[in-house]
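The values are calculated or read from the model by the stated rules, or taken from the named source; none is laboratory data. Bear in mind that the values here come from a model prediction, so they are computed numbers and not experimental data. A quick note on method: Cβ atoms are made from the backbone with ideal geometry, for glycine too, and the neighbour counts reach across all protein chains shown. The accessibility values were calculated without ligands, DNA or RNA, using every heavy atom of the protein model including side chains. Shrake-Rupley method; radii C 1.70, N 1.55, O 1.52, S 1.80 Å.
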Amino acid sequence: MYKIGFIGAGAMAEAIVTGLLANHLCSADEIIMSNRSQEKLKLLADAKGIIAAKDNQEVLQTAEVIVLAVKPQQYQEIKSKLAGLLKEKQAVVSIMAGITLADLQECFGDLPIFRAMPNTPAKIGCGMTGLADNGLATKEQKNFVASIFSSVGQVLEIAESNMDALGALSGSGPAYCYELLEAMADGGVMLGLPRAAAYQLAAQTMLGSAQMLLQTGEHPGVLKDQVTSPGGTTIRGLKVMEKAGVRGIMMETIEQAYLQTKQLGAKK
Ligand SMILES: NC(=O)c1ccc[n+]([C@@H]2O[C@H](COP(=O)([O-])OP(=O)(O)OC[C@H]3O[C@@H](n4cnc5c(N)ncnc54)[C@H](OP(=O)(O)O)[C@@H]3O)[C@@H](O)[C@H]2O)c1
């Protein structure tokens, strides 16, 4: 048996394989993968040294842990062909947004099943993954699945009932960060900074601020106050943000992403 199998050779599968290999969680010849287009699969298999399966069924029949890395709508099209092929001791990990553990259990039966929600910084080893499971996994399986995602960043185990909220915050979150980052840089460009310098300044400021929050454990309001001297420059900028309702806008942004997940889920 291969240690891990992937159905879908897209961006996320590639990111996870890169993390697995970089962290020596398994060797390339312990990873098998299938994909709809064979050319794309061959390119990735050649680049990473992993095994290219002839079809999805081969992955299901030969891997201890199977990662479902296709889009949710693609899964809906193929799930009837995946049903009933897994045996005892195998486990399923879905990274598909909005597909519940109950949906997966209906397809694969009473086996250990995990739902994971990574985000795109996983591609550079700085991801944030939420993880939930159906309670049927052994401790070893739980540890192994958690280590798959720790190989591409941080992992937070949460109740499945919070998975869609997590997706709206950290799954979609990189887009909101890039939007803010671009706007900050535009502010700098408006004042005459070269474009490249403005991106570097905005990005490193966002990275440093996030790292400071994580490392100090301080409340964000306390860290904000440390930058904000009485009668100074920063408080004048903050007044603009408060007047524009930036906090409320950001909360609503995340709420809307959550509601869209629910709406897409309801259409299934
Ligand atoms: N990207 C993110 O930020 C992110 C974050 C969290 C979760 N996710 C989840 O991760 C999953 C994959 O996302 P992605 O960004 O990696 O998508 P992607 O790059 O589009 O990859 C999907 C892959 O699945 C393959 N595929 C489609 N139908 C298939 C089938 N019937 N059998 C086998 N392979 C098939 C596609 O093959 P072709 O090459 O033929 O198209 C493609 O290579 C999604 O469910 C998404 O919800 C993504």
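For a label point 7 Å from the Cα of THR120 along Cα→C-beta, name the residues of region 8-46 whose backbone N is under 20 Å from it.
Backbone N within reach: 9-19.
Taking N as the number of residues in region 171-266, what is its Cα Rg relative to 2.2 N^0.38 Å?
For region 171-266, the normalised Cα radius of gyration is 1.26.
How much net charge surrounds TYR258 when only other residues with a Cβ under 13 Å from its Cβ are counted (Lys, Arg +1; Asp, Glu -1)?
Once positives and negatives cancel, what remains is -2.
When only C-alpha pairs under 8 Å and at least 6 residues apart count, what is the relative contact order of region 135-268, in percent?
Result for region 135-268 is 27 percent.
Just to be sure I understand: if I project the alpha-carbon convex hull of the chain onto a plane and average over all orientations, what area do I get in nm²?
Computing the convex hull of the Cα atoms and averaging its projections yields 16.6 nm².
Remind me, relative contact order of region 1-144 in percent, using alpha carbon pairs under 8 angstrom and six or more residues apart?
22 percent
What residue among LEU201, LEU101, LEU136 shows peak mean-square fluctuation when the chain is described by a Gaussian network model with Cα springs under 10 Å?
Answer for the Gaussian network model of the chain: LEU201.
Please compute the net charge surrounding ARG36, taking Lys and Arg as +1 and Asp and Glu as -1 over other residues with Cβ under 13 Å from its Cβ.
+2
From largest accessible area down, sort THR129, THR62; use a 1.4 Å probe on the protein chains.
THR62, THR129
Quick one: with all protein chains in place, what share of the accessible area of the chain is carbon or sulfur, to the nearest percent (1.4 Å probe)? It would help to have the intermediate numbers written out before the result.
Values: 8910 of 15240 Å².
The C+S portion of the solvent-accessible surface of the chain is 58 percent.
Over the chain, give the accessible area per residue in Å² for a 1.4 Å probe, as an integer.
It amounts to 57 Å² per residue over the chain.
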